[in-house]
1. Viscosity 1.306 mPa s, temperature 10 °C: Stokes-Einstein D of segment 1-116 from its Kirkwood Cα radius, in µm² per second?
2. Report, to the nearest 10°, how far helix 2-17 tilts away from the longest principal axis of the Cα atoms in the chain, using its own Cα long axis and a range of 0 to 90°.
3. Do you know the relative contact order of segment 70-160, to the nearest whole percent, from alpha carbon pairs under 8 angstrom that are 6+ apart?
4. Once you have the Cα-Cα distance between I130 and A23, take 0.36 nm times their residue separation minus that, and quote the gain in nm to one decimal.
5. Name the residues whose placed amide hydrogens come within less than 5 Å of the amide hydrogen of S132, ignoring near sequence neighbours (fewer than 5 apart) on the same chain.
6. Let me know the longest stretch in the chain that avoids all GluC sites (Glu not before Pro) found in a DSSP loop with at most 15 other C-beta atoms within 10 Å.
7. In whole percent, what relative contact order does the chain give with Cα contacts below 8 Å and a gap of six or more residues?
8. Using +1 on the beta carbon of Lys and Arg, -1 on that of Asp and Glu, and nothing else charged, what's the dipole of segment 64-122 about the Cα centre, debye to 20?
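All of the numbers you see were taken from the coordinates with simple rules; none came from a lab. Being a predicted model, the structure only gives us computed values, none of them experimental. Glycine gets a Cβ as well: all are built from the backbone with ideal geometry, and neighbour counts include every protein chain shown.
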Amino acid sequence: MDTTIASIGNAIMLFAEHPEQYAKVREDPALVPSAFNEVLRMHSPLPATGRKTMRDVEVDDVVIPEGSQVALLLAGGNRDERHYPNADTFDVTRNPVDHLTFGYGIHGCAGQGLARLEAYAAIGSLAKYIKSYSVGDFTRKITNTTRSYESILVTDIVRA
């Protein structure tokens, strides 16, 4: 639940910072899933996670020994220029369905289906009913795990 809330807050902030991208979603509601994937890629609500290697693993000519504790930097991987050209650009038409935010395989997020439904509803409603808005003061939520906001002051709301 915390990561879904964080993702929706991240969407609100990114759309405020990039009103031209928000306008694209408003113009074409079919972009909502793509926009949410791009939000997850840009600002993963869970920037890193830990794992333990079950065998020796070689990564870029470096062997990580069996039994090692490793940190998987999901947010860093989502900004890898080798995979995502212009990785620091927020583009709702990109549709990065292969972002690392939800993990994959046996470590895939069990709640990602529900998270997507909730985020699609929130983003779709925002785009349908709010033409534009700004963000004022905000407070980050300080935790050891999630990238989230405690509060976001939404201002200058223009209804659709």
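1. My calculation gives 103 µm²/s for D.
2. 50 degrees
3. Result for segment 70-160 is 19 percent.
4. Using 0.36 nm per residue and subtracting the Cα-Cα distance, I get 37.5 nm.
5. V158
6. 82-160
7. Reported relative contact order: 30 percent.
8. Rounded to the nearest 20 debye, it is 100 debye.
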